[in-house]
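For reference, the structure is listed below as structure tokens.
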Amino acid sequence: MSHPRRLLILAEGRSGDPHFGKTARGVMRYRPEEIVAVLDSASDAATVEGFPRDGTVAEALPHRPTTALVGVATQGGRFPPAWRELLKACVAAGLDLESGLHEFVSNDAELVTLAAQHGVELRDLRRPPAGLDVPSGANLQHGATTILTVGSDCAIGKMTVALELDLELRRRGIRSEFVPTGQTGIAIAGWGIAVDAVVADFIAGAAERLVVEGVERGGEVLLVEGQGSLLHPAYSGVTLGLMHGSAPHAYVLCHQGGATVVDGDARYPIPPLAELVRLHESISLLPRPAKVVCMAVNTRELDDDAARRAVAEAEKATGLPSDDPVRFGAARLVDALEPVLHR
């Protein structure tokens, strides 16, 4: 894009929701300079995270947005009728439209016709690029250091950890590149592939393409956003594809402080963390054996004392440097990565 985006975040009914509003909140945290307003007619707040809140597209137009970004996850990844009216209002107002849902806006005949009439673009962040294939071996031949975030469960902050590590590395003058693998990461970084929308055979190839592009973008250290979890009964496949396709030199293992089961389901207990470390190390790509070098503990649901205990417990259980990079800063985890960076 030739001009910076001026984003209207569509967060209808979800502007305060950290799970279903994950895309909105991620962009608010990591691309605040691009946001001009948040749309949520269900809220009566004047602002959301410091950004003006409007109830309609018409109310938001004085902020001069150029792009409307779908900032929420809807049921089944599809647009309910009220949302379709909202999307049409955005397009009719001359706004480009970006969406990371499974239902592609660029496949919608009505929206495509409307977009052509108003000269705007429809961008589906989850649409895989053409020409994906299996890995070629380029993931083992580039000169960068690749770090992959993995986790004991889904939706516990693997993207956030990668972004926080990237920011800390950049603060230290290291040429780091965040590598997005999901729709929220793509909305933040402006590039990437949503690997959960890729044909299963080509997930590893998509991950390889991403790390190669990360190097082409100037990255000497690549922070690859993890997806799913090897422990998750539904989403383990995408995790393994990312592990083998990105061929990391090291892992950062993410864990929700206090969690004992996967996705709240007692049928899937989380094993001891030391065992989880060994699982990831043993399943690495054969030519690129990788170690878990540190633990990122998500303590968002704990008070400060409980948070520090959770971090200490993870460190004791694994013998690895552990911290919550959002709450306490990423410096300690980046310190733990130093030996890998200077391999």
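The values are calculated or read from the model by the stated rules, or taken from the named source; none is laboratory data. Keep in mind it's a predicted model, so treat the numbers as computed, not measured. Side chains are part of the model used for accessible areas, which takes the heavy atoms of the whole protein and leaves out ligands, DNA and RNA. Shrake-Rupley method; radii C 1.70, N 1.55, O 1.52, S 1.80 Å.
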P(r) of the chain over all Cα-Cα pairs, 20 Å bins starting at 0, rounded to whole percent, reads 31, 57, 12, 0
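Just subtract the alpha-carbon distance of His63 and Glu121 from 0.36 nm times their residue separation and send over the number in nm, one decimal.
Numbers: separation 58, 0.36 × 58 = 20.88 nm, distance 1.96 nm.
Gain on extension, His63 to Glu121, equals 18.9 nm.
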Give or take rounding to whole Å, what are the principal axis extents of the alpha carbon atoms in the range 198-343, in descending order?
-> 43, 38, 23
Percent accessible area from carbon and sulfur atoms, the chain, protein chains only, probe 1.4 Å | 51 percent
Excluding residues fewer than 8 positions from Lys158 in its own chain, the lysines with Cα under 21 Å of it are Lys22, Lys291
In angstroms, what radius of gyration and Dmax does the range 42-168 have, counting Cα atoms only?
-> 18.8, 54
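Taking every DSSP beta bridge that has both residues in the chain, what percent is antiparallel when rounded to the nearest 5? Let's see the in-between values first.
Details: 4 of 42 bridges.
The antiparallel fraction comes to roughly 10 percent.
Full-extension gain between Ala89 and Leu279, please, as 0.36 nm times their residue separation minus the C-alpha to C-alpha distance. Kindly include the intermediate steps, with their values, before the conclusion.
Working: separation 190, 0.36 × 190 = 68.40 nm, distance 4.91 nm.
My answer for the length gained is 63.5 nm.
Accessible area per residue for the chain in Å², computed with a 1.4 Å probe and the full protein assembly in place, what is it? Could the numbers behind the result be given before it?
On the way: 15010 Å² over 343 residues.
Normalised by residue count, the accessible surface of the chain is 44 Å².
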Report the percentage of all Cα-Cα pairs in the range 186-228 whose separation exceeds 16 Å, rounded to a whole percent.
-> 35 percent
